[in-house]
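Take a look at the structure set out below.
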Amino acid sequence: MLEEIHLLSSNITSKQITTIGNRDYITGLFEGKKVVASFSRWGKVAATQTATTMITKFGAEKIIFTGVAGAAAPELEIGDVVISKTLLQHDMDASAHSGI
């Protein structure tokens, strides 16, 4: 989310901004480590495109995503942090279909 990127990027030093595919990639140092940050936009396709660019163009070896997943628990509120132990792809049908 933009709010997360603004907060994070305010702590990046030696900051440079590179625009690729309508996304700004902010590179620099965060607590002495080289980092790249970007707002991927919404959805898993946008997140995949952004992660791919981070890996291929900026050499990212580890990626942390925020705000691109959800949890189905009524006690959770917007802004709560959820760390999963498993992943479920709920909208993909990889079964074989005949007659297509």
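The values are calculated or read from the model by the stated rules, or taken from the named source; none is laboratory data. Being a predicted model, the structure only gives us computed values, none of them experimental. Here the Cβ is made from the backbone with ideal geometry for all residues, glycine too, and neighbour counts use every protein chain on show. Keep in mind that these areas ignore ligands, DNA and RNA; they rest on the heavy atoms of the full protein, side chains included. Shrake-Rupley method; radii C 1.70, N 1.55, O 1.52, S 1.80 Å.
Filter the range 2-19 for residues that are aliphatic (A, V, I, L, M) and exposed (fewer than 14 other Cβ atoms within 10 Å of the Cβ); which is farthest from Gly79 (Cα to Cα)?
So the residue we want is Ile17.
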* Structure fact -> Those residues of the range 17-42 which are in contact with a Leu (Cβ under 8 Å, 6 or more places away or on another chain) and either of a type outside the set (A, V, I, L, M, F, W, C) or outside any strand (DSSP E or B) (or both) amount to Phe39
* Asked: Can you name the residue in the range 49-65 that is open to solvent by 70 Å² or more (accessible area, probe 1.4 Å) and assigned to a loop (DSSP other than H, G, I, E, B) and is also modelled with the lowest pLDDT among such residues?
  -> Phe65
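To keep it simple, each residue is scored yes or no on (1) of a type in the set (D, E, K, R); (2) at pLDDT below 80; (3) over 22 Å from Glu3 (Cα atoms); (4) open to solvent by less than 90 Å² (accessible area, probe 1.4 Å).
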residue: Lys34; (1), (2), (3), (4): yes, no, no, no
residue: Ala47; (1), (2), (3), (4): no, no, no, yes
residue: Gly67; (1), (2), (3), (4): no, yes, no, yes
residue: Gly79; (1), (2), (3), (4): no, yes, no, yes
